[in-house]
Amino acid sequence: MGVELHKDLLSSIGVDVERHAKMMGMGLAGYQAGFMSQPNRPKAMAYFDWFMSEIQAERIAEINALKAQKKPAVGTFCIFVPEEIVVGAGGACFGLCGGANPPIADAETELPRNICPLIKSAYGFKLQHTCAYTQSADFIYGETTCEAKKKTWELLGKHHPVHVMNIPHMKRERDLKMWQEEIKEFKEHIEEVSERKLSLEEMLEGVKVINAKRDAMKRLDTLRGMHPDIMPISGKDALFISQMSFLDDPKRFTQKVNELCDELDERIKDKVSVFPENTPRIMVLGTPIAPPNWKLHTAVESSGACIINEEGCIGHRYFKDNVDIEGVQSEDELYERLMKRYSKIDCACFTPNTPRTDKIVQMYKDRKADGVIYYTLSFCHTYNVESHLVTEALAKEGIPCLVIESDYSPEDAGQIKTRVEAFLESITFKQKAEAFANK
Ligand code: BJ8
């Protein structure tokens with residue numbers, strides 16, 4: 001296995017090799033059991049299976065090879081990071097481990113118990129030295145989105161270099177002006193790490209690479225969720241690809257997603273679906289679902305429904321908008337275009353955030369979905385509070401919705417499955433009643 005092969009490298013970047021190997025073993029076993037056993041998977045999933053086996057090995061070697069050439073390596077927990085600048089500098093921008101339960105107990109020695117599991121998990125990985133991505137990062141990108149995160153950077157900074165970007169909570173003109181300045185400062189920080197100046201052309205190249213990646217993901221999103229009778233790929237596999245979009249080399253990832261999409265195109269033409277006709281189609285909304293958090297998708301797809309998209313940051317919110325670089329002549333113009341693109345992100349940290357609610361209702365109609373699951377991580381106040389406004393809007397439209405709040409512990413898996421089954425039953429009943437009424 002890859003981890004074994006790269007043991008020396010992992011040890012040299014400070015990974016606790018023994019503990020890391022144990023965690024990777026558990027992760028791979030979970031992936032094999034939950035993903036590779038699915039029937040009728042697209043052949044192109046073979047690449048993503050391979051990537052999973054090398055996720056904390058070969059990919060880490062690639063990132064560290066870049067670092068050896070003074071290319072920046074930036075770790076993040078948020079999609080506000082202007083990754084185009086990092087990629088333009090020839091470096092790697094990647095998501096850090098933060099979706100597993102085991103490190104949380106360690107994190108709670110320094111962090112309060114009642115904050116979201118994503119933050120505690122990521123913090124615990126740093127304390128344990130069991131995430132090779134965290135260990136590879138020149139710095140961790142932090143942002144001032146939620147209360148828990150913005151205070152955590154101060155503590156995390158004692159263990160690893162952190163660069164914090166001030167993300168406003170409103171989108172007034174003065175807020176956006178400040179945001180643009182923050183992007184410029186981020187670029188200057190990348191220059192400090194790389195020990196060289198970064199040109200406009202390089203940054204524009206970075207934008208092109210990431211725009212192409214987002215286009216490929218949009219293509220997959222359309223193929224996966226816009227054909228009411230054919231689901232050519234499972235929601236679980238599609239979620240996994242979204243999760244890997246934060247780790248893989250962007251150019252290779254784009255190529256592999258497009259190859260998969262070519263196969264899905266063929267499947268749709270040949271009417272090859274991984275779910276039977278009339279399988280309830282569920283949209284998932286809410287907080288990011290970081291790997292290996294596959295609890296919700298497993299519960300839904302083992303209960304006779306399929307998930308047709310994720311509205312969250314590991315999903316649609318990440319790839320829905322591109323950076324428009326048409327006619328950009330100067331660095332300041334580019335920062336403005338980046339700011340315009342990033343300020344379209346409808347994270348619940350903003351007030352007001354009404355475009356998100358409108359978008360969700362429209363997505364539901366476009367995808368001909370049958371129901372919605374609003375998923376929030378425990379103690380994520382912004383998404384939890386916002387769920388009230390979203391469910392109110394869904395109720396007005398008569399859209400069935402289930403709200404689930406959960407953490408990373410396996411304990412509530414059974415309870416979630418029971419609630420999902422009851423929800424699906426109510427959807428099926430509604431469909432039957434409608435069909436009867438239309439006779
Ligand atoms: S853009 S959603 S990735 S901040 S850490 S807010 S779950 S309490 S991750 Fe996020 Fe950026 Fe927004 Fe997206 Fe809640 Fe936890 Fe905070 Fe979280």
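The values are calculated or read from the model by the stated rules, or taken from the named source; none is laboratory data. Nothing here was measured: the structure is a model prediction, and the numbers come from that model. Don't worry about glycine lacking a Cβ; one is built from the backbone with ideal geometry, like all the others, and counts go over all protein chains shown. SASA here: full protein model, heavy atoms, side chains in, ligands and nucleic acids out. Shrake-Rupley method; radii C 1.70, N 1.55, O 1.52, S 1.80 Å.
For the stretch 390-414, a residue qualifies if it is open to solvent by 90 Å² or more (accessible area, probe 1.4 Å) and in contact with a strand residue (DSSP E or B) (Cβ under 9 Å, 6 or more places away or on another chain), and exactly one does: GLU405. State whether one or more residues within the stretch 304-315 are assigned to a loop (DSSP other than H, G, I, E, B), more than 18 Å from ARG367 (Cα to Cα), over 22 Å from the mean Cα position of the chain (by Cα) and of a type in the set (A, V, I, L, M). No; the residues of the stretch 304-315 include none that is assigned to a loop (DSSP other than H, G, I, E, B), more than 18 Å from ARG367 (Cα to Cα), over 22 Å from the mean Cα position of the chain (by Cα) and of a type in the set (A, V, I, L, M). Of the helices (runs of 4 or more DSSP H) that lie entirely inside the stretch 107-157, those containing 1 or more residues that are within 9 Å of the ligand (Cβ to nearest atom) and in contact (Cβ under 8 Å) with a residue 60 or more places away in the chain span 117-128, 147-156.
Could you list, in sequence order, the residues of the stretch 321-339 that are open to solvent by less than 10 Å² (accessible area, probe 1.4 Å) and within 16 Å of the ligand (Cβ to nearest atom)?
Going through the stretch 321-339, the residues open to solvent by less than 10 Å² (accessible area, probe 1.4 Å) turn out to be 323, 334-335, 338.
The answer is LEU338, and nothing else.
Scanning the stretch 129-148 for residues that are over 22 Å from ALA348 (Cβ atoms) and open to solvent by 10 Å² or more (accessible area, probe 1.4 Å) returns HIS129, GLN135, ASP138. Taking the conditions (1) in contact (Cβ under 8 Å) with a residue 60 or more places away in the chain; (2) acidic (Asp, Glu); (3) within 15 Å of the ligand (Cβ to nearest atom) in turn, GLU182 satisfies each one other than (1).
Among the residues of the stretch 340-361, write down those that are part of a helix (DSSP H, G or I) and within 15 Å of the ligand (Cβ to nearest atom).
Step one: of the stretch 340-361, the residues part of a helix (DSSP H, G or I) are 340-342, 354-361.
Matches in the stretch 340-361: ARG341, TYR342, PRO355, ARG356, LYS359, ILE360.
Every listed requirement among (1) open to solvent by 10 Å² or more (accessible area, probe 1.4 Å); (2) of a type outside the set (Gly, Ala, Ser); (3) at negative phi is met by PHE240 save one, (1). Look at (1) assigned to a helix (DSSP H, G or I); (2) more than 20 Å from SER121 (Cβ to Cβ); (3) out of contact with any helix residue (DSSP H, G or I) (no Cβ under 7 Å at 6 or more places or on another chain) and you find that TYR318 fails only one, number (2).
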